[in-house]
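The next block holds one structure in the form of structure tokens; read it before the comments.
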Amino acid sequence: QVQLVESGGGLVQAGGSLRLSCAASTRTFNRYAMGWFRQAPGKEREFVVAISWSGARTFYADSVKGRFTISRDNAKNMVYLQMNSLKPEDTAIYYCAASEINLSSTGSSYPYWGQGTQVTVSS
């Protein structure tokens, strides 16, 4: 069982930056690939980015490529999402998720989810 807690969301102006954090409670964190997903009001949940077990590989959605950066610290059981050049269309609840399947962009591959953190980007 993996418990995930996100933090770092908030209100930011377009062009600004935020850094999301995800804390995982598991003794085997380095056995899980991690992903970030987001869901905007009235829209389906969408994949944002995933990072491999070791952190050596990443996979970004085209919509965030070049603006967002995922990283992980296995010694601290943490995953981070640095979001730069934010746009109003990035407004959503952001969820951290854990999976034993490496670098999946499919939500159903992730059995463990956090409660989400709200990111709001004003124009």
In a Gaussian network model of the chain with springs linking alpha carbons closer than 10 Å, the residue among 55, 35, 16 that fluctuates most is 16
In whole Hz, the Karplus estimates of ³J(HN,Hα) for segment 6-12 (6.51, -1.76, 1.60; θ = phi - 60°; x where Gly or Pro) are 8, 7, x, x, x, 9, 9
Across 24, 98, 75, the residue with the highest GNM fluctuation in the chain (Cα network, 10 Å cutoff) is 75
If every Lys and Arg gets +1 and every Asp and Glu gets -1 at its Cβ, then about the Cα centre the chain yields a dipole, in debye to the nearest 20, of 240 debye
Taking 0.36 nm per residue of separation between residue 52 and residue 102 and subtracting their Cα-Cα distance, the length gained on full extension comes to 17.4 nm
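Keeping the other protein chains in place, figure out the carbon and sulfur percent of the accessible area of the chain, with a 1.4 Å probe. List each step's numbers first, then the result.
Details: 2910 of 6270 Å².
Here carbon and sulfur together make up 46 percent of the probe-accessible area.
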Within segment 12-59, DSSP-loop trypsin sites (Lys or Arg not before Pro) with at most 10 other C-beta atoms within 10 Å are 27, 43
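Give, in nm to one decimal, the length gained when the segment between residue 65 and residue 123 is fully stretched (0.36 nm per residue of separation minus the Cα-Cα distance).
Roughly 18.8 nm would be gained on extension.
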Working note, the chain: Cα radius of gyration (Å, one decimal) and Dmax (Å, whole number) are 13.2, 42
Karplus ³J(HN,Hα) for segment 93-108 (6.51 cos²θ - 1.76 cosθ + 1.60, θ = phi - 60°; Hz, whole; x = Gly/Pro) runs 8, 9, 10, 9, 9, 10, 8, 8, 9, 6, 6, 7, 9, 9, x, 5
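Taking R0 as 30 Å, what FRET efficiency do you get between residue 31 and residue 89 from their Cβ-Cβ distance, rounded to the nearest 0.05?
Details: r = 34 Å, r/R0 = 1.13.
It comes to 0.30.
The values are calculated or read from the model by the stated rules, or taken from the named source; none is laboratory data. It should be emphasised that the depicted structure is a prediction, and the values quoted were computed from it without experimental measurement. Cβ coordinates were reconstructed from backbone atoms using ideal geometry, including for glycine residues, and neighbour counts include every protein chain displayed. Only protein heavy atoms, including side chains, enter the accessible area calculation; ligands, DNA and RNA are left aside. Shrake-Rupley method; radii C 1.70, N 1.55, O 1.52, S 1.80 Å.
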